[in-house]
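Novice: Handing you a structure now.
Every number here is computed from the coordinates shown, using simple stated rules; none is lab data. It should be emphasised that the depicted structure is a prediction, and the values quoted were computed from it without experimental measurement. Cβ atoms come from the backbone with ideal geometry, glycine included; neighbour counts cover every protein chain shown.
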Amino acid sequence: MLKIIEPNNFKEFSDKILEAEKNYFPMLGYKKMPFHDKILNIHKITDDSEKQNASFMTNHLRVIDYLENGEYCLYHLFSMKSNPSMLMTTMIIPSDFNNRYEIVEKSIKNILKWMHEETEYKTFKIQILEFGEVQIYPTLAYYLIPLLKKENFKPHYPLYLKSNTKTNLSTYTLNKNFNMKIGKENAFEDVLDFYYTNSFDHYYICDTAEELHELKDDPLFYESLITIRNSDDTIIASVFAGLDDDKLWIDNFVVANNYVNSYIGPYLLTEEMKFLKSKYEDNEIFIYTFREYSKSISQYNECGFMGFEYWVDFFYEIQ
């Protein structure tokens with residue numbers, strides 16, 4: 001029986017979280033972060049600003065699936081404004097570690113049935129950590145992979161890489177047939193067209209066109225924006241950076257398909273790193289991509305980025 005936990009009864013949910021922290025989480029590679037209690041034990045928080053900070057996810061749901069013999073499974077589910085038809089999860093926790101596979105195998109069928117019959121969601125996304133340090137409540141254990149494949153979830157393979165502004169950089173030279181434009185030398189519409197009217201077989205773009213419109217108002221967007229253009233002044237590669245909670249991100253580094261096997265990628269990424277080194281003395285720099293983009297990952301490695309979190313994202317499409 002699925003039970004959606006209402007705000008006046010969060011304690012029913014969070015008491016089970018406290019139980020899991022004693023008997024379940026120690027069995028997993030899990031590092032508790034300060035915001036966890038804000039998300040899942042919100043009934044204990046009295047300050048209004050703290051409650052607001054705990055609600056950084058859109059439409060988040062706490063669900064308990066009560067099964068037979070006293071077993072249950074906990075879910076923390078949420079959606080985002082950027083994709084309201086997709087339901088996601090930070091957490092799937094069965095009541096018994098030793099029977100975790102059997103409990104989730106029964107419960108996941110109930111969640112999918114509920115989504116299909118009682119909600120408007122079209123996709124269910126479950127993220128599983130393959131290697132690295134869990135930064136959020138663990139869905140999130142490798143044992144779920146065969147179970148989810150059995151239920152017809154389709155896998156994708158994200159990767160987080162990082163470097164530092166102290167990293168020593170190699171030197172590349174730009175061929176005279178190409179030129180580099182920086183910041184507002186680039187018309188925004190030209191940049192927008194490059195990202196969203198082309199297909200890129202070897203690079204992952206994190207931001208949607210709508211999000212890019214919002215990002216252009218961030219001073220760092222134009223400060224860090226670099227494009228490479230060919231002799232016709234057509235953009236063939238582009239990159240810019242973002243700053244989130246003191247973390248630098250390079251999420252939109254792309255090179256046109258015809259130039260992937262050239263030195264253009266490493267040259268552009270190195271130029272971006274030079275800018276970040278000049279502005280930030282000692283900051284980590286992060287990149288999010290997918291492992292199918294092996295050519296761009298090789299370029300990241302060449303420029304000093306190393307993978308540190310490897311994920312499997314499973315998607316289930318509601319028919």
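Novice: Treat each spin label as a single point 7 Å out from the Cα along the C-beta direction, and report the Asp96 to Asp190 distance in nm.
Specialist: The modelled label-to-label distance comes out at 6.6 nm.
Novice: Nearest 20 debye, what's the magnitude of the dipole of the chain about its Cα centre given +1 on Lys and Arg Cβ and -1 on Asp and Glu Cβ?
Specialist: Working: 33 positive and 49 negative charges, 137 e Å.
Roughly 660 debye, rounded to the nearest 20.
Novice: Could you list, in their original order, any pairs among Lys162/Lys216; Lys109/Lys216; Lys16/Lys162; Lys122/Lys184 whose Cα atoms are separated by more than 32 Å? If you can, show how the numbers build up before the last one.
Specialist: Details: Lys162/Lys216 24 Å; Lys109/Lys216 43 Å; Lys16/Lys162 35 Å; Lys122/Lys184 40 Å.
Going by Cα-Cα distance, Lys109/Lys216; Lys16/Lys162; Lys122/Lys184 fall outside the 32 Å limit.
Novice: Oh, and also: Let me check I've understood the local charge: for Leu147, count other residues with C-beta under 13 angstrom from its C-beta, Lys and Arg +1, Asp and Glu -1. What total comes out?
Specialist: On the way: positive: Arg100, Lys106, Lys109, Lys149, Lys150; negative: Glu102, Glu105, Glu151.
Overall, the nearby charge balance is +2.
Novice: OK, next. How would you rank 208-217, 158-167, 275-284, highest first, on the average number of other Cβ atoms within 10 Å across their residues? Could the numbers behind the result be given before it?
Specialist: Working: 208-217: 12.9, 158-167: 17.4, 275-284: 14.7.
The peptides rank, most packed first, as 158-167, 275-284, 208-217.
Novice: A further question follows. Would you work out if the stretch 91-136 is rounded, prolate or oblate? Take a ≥ b ≥ c from the square roots of the eigenvalues of the alpha-carbon gyration tensor; rounded if a/c is under 1.5, else prolate when a/b is larger than b/c, oblate otherwise. Don't skip to the end; give the middle numbers.
Specialist: Working: a/c = 3.03, a/b = 1.36, b/c = 2.23.
It comes out oblate by the Cα gyration axes.
Novice: Something else: I'd like the Karplus ³J(HN,Hα) series for the stretch 152-164: coefficients 6.51, -1.76, 1.60, θ = phi - 60°, whole numbers in Hz, and an x wherever there's a Gly or Pro.
Specialist: Coupling constants for the stretch 152-164: 6, 6, 9, x, 10, 10, x, 8, 9, 10, 8, 9, 8 Hz.
Novice: Once you put a point 7 Å from the Cα of Lys113 and another 7 Å from the Cα of Thr234, both along the Cβ direction, what distance in nm separates them?
Specialist: Calculated label separation equals 5.5 nm.
Novice: Of the cross-linked pairs Lys81/Lys106; Lys113/Lys154; Lys149/Lys295, which ones have a Cα-Cα span greater than 20 Å in the structure shown? Don't jump to the answer; show the numbers that get you there.
Specialist: Values: Lys81/Lys106 30 Å; Lys113/Lys154 18 Å; Lys149/Lys295 27 Å.
Those over the limit are Lys81/Lys106; Lys149/Lys295.
Novice: Oh, and also: Putting +1 on Lys and Arg Cβ atoms and -1 on Asp and Glu Cβ atoms, find which of Ser224, Phe286, Pro155 reaches farthest to the positive end of the dipole of the chain.
Specialist: Pro155
Novice: Turning to a different aspect of this structure: Give the long-range amide H neighbours of Ile92: residues separated by 5 or more places, or on another chain, with amide H under 5 Å away, using H modelled in the peptide plane at 1.01 Å from N.
Specialist: Thr139, Leu140
Novice: Lys150: which aspartates and glutamates have alpha carbons under 16 Å from its alpha carbon, excluding same-chain residues fewer than 8 sequence positions away?
Specialist: Cα-Cα hits under 16 Å: Glu102, Glu105, Asp313, Glu317.
Novice: Where does the charge balance sit around Tyr172 when Lys and Arg score +1, Asp and Glu -1, over other residues with C-beta under 13 Å from its C-beta?
Specialist: Once all neighbours under 13 Å are counted, the net charge is -2.
Novice: Continuing with this model, one more query. Please state, to two decimals, what the Cα-based radius of gyration of the stretch 155-274 comes to when divided by 2.2 N^0.38 Å (N = residues).
Specialist: Numbers: Rg = 14.0 Å, N = 120, 2.2 N^0.38 = 13.6 Å.
Its radius of gyration relative to the 2.2 N^0.38 Å reference: 1.03.
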